[in-house]
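Below you'll find the structure, written out as C-alpha cells, and then a few comments.
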Amino acid sequence: MRRMPPWMESLLALLALPKFGLSTVFIVSFVSATLLPLGSEPAVIGLVKLDPGLFWPTIFVATAGNTLGGALNWWIGYGAERAYEKVSLHKPEARALQWLRRFGAKACLMSWLPIVGDPLCAVAGWMRLPFWPCVFYMAIGKFARYVVMTAALLWLFPGQFTP
C-alpha cells in the first residue's frame with residue numbers, strides 16, 4: 001500500500017479535529033461553498049460531537065466560512081461576466097437567469113441547496129446583483145441550514161456520530 005506524500009500528511013494533521021476544530025470547520029466550510037466538490041457537514045457534526053459546548057460557535061464559524069465562499073463565487077461570476085462582455089456582443093438569456101432577475105438578491109437564500117447553491121452565487125455575481133444584499137441572504141440561508149441540519153442529525157441519531 002502506498003503512503004501519502006509527507007505534505008498531505010502534514011496538511012491532514014494540521015486540519016485534524018479537535019486540535020484546530022473551529023479553524024478546520026471554517027476552512028472546510030469555505031472550500032465547500034466554492035465550486036469545488038466538498039461537503040462541510042462531516043466537519044461540523046464531528047466537532048459538535050467532540051465538544052457539544054461548541055454547538056453555536058461551530059454554527060457561526062461554519063456559516064461565516066460558507067458565506068465567504070459564496071461571496072467568492074459571486075466575485076468569480078462578476079469577473080466572468082465582465083470578461084465575457086469584453087469578448088461577446090450579446091448577453092446570454094436563460095430561464096434560470098430570468099428567475100434570478102425576478103427574485104434578485106433574495107434568491108441567494110437558496111445558496112444552501114446542494115448542487116445548485118454554489119453556482120447560484122456565481123450567477124448572482126454574473127448578473128451584477130448587489131453584493132451586500134446577496135451576502136446577507138446567503139448568510140441567512142446557510143445559517144438556517146447549519147442549525148437545522150446539525151440539530152436534526154444530533155437529535156435523530158444521538159449515538160451515530162460518536163468519536
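The values are calculated or read from the model by the stated rules, or taken from the named source; none is laboratory data. Being a predicted model, the structure only gives us computed values, none of them experimental. Ideal geometry is used to build each Cβ from the backbone, glycine not excepted, and the neighbour counts take in all protein chains shown.
Residues of the range 12-30 being surrounded by 16 or more Cβ atoms within 10 Å (Cβ to Cβ) and at pLDDT 85 or above, which ones? Selection gives LEU22, THR24, VAL25, PHE26, ILE27, VAL28, SER29, PHE30. From the set of residues in the range 133-163 that are touching a helix residue (DSSP H, G or I) at 6+ places or on another chain (Cβ under 9 Å) and in a loop (DSSP other than H, G, I, E, B), which is modelled with the lowest pLDDT? In this case the residue turns out to be PRO163. Of the set (1) aliphatic (A, V, I, L, M); (2) in a helix (DSSP H, G or I); (3) surrounded by fewer than 17 Cβ atoms within 10 Å (Cβ to Cβ), all apply to LEU38 but (2).
Within the range 64-86, the set of residues being of a type in the set (Ser, Thr, Tyr) and buried (at least 23 other Cβ atoms within 10 Å of the Cβ) comprises THR67 only. Taking residues in the range 137-155 that are over 13 Å from ALA64 (Cβ atoms) and free of Cβ contacts under 8 Å to residues at least 12 places away in the same chain, and partners anywhere that are of a type in the set (A, V, I, L, M, F, W, C) and in a helix (DSSP H, G or I), not one pair has Cβ atoms closer than 8 Å while being at least 6 places apart or on different chains.
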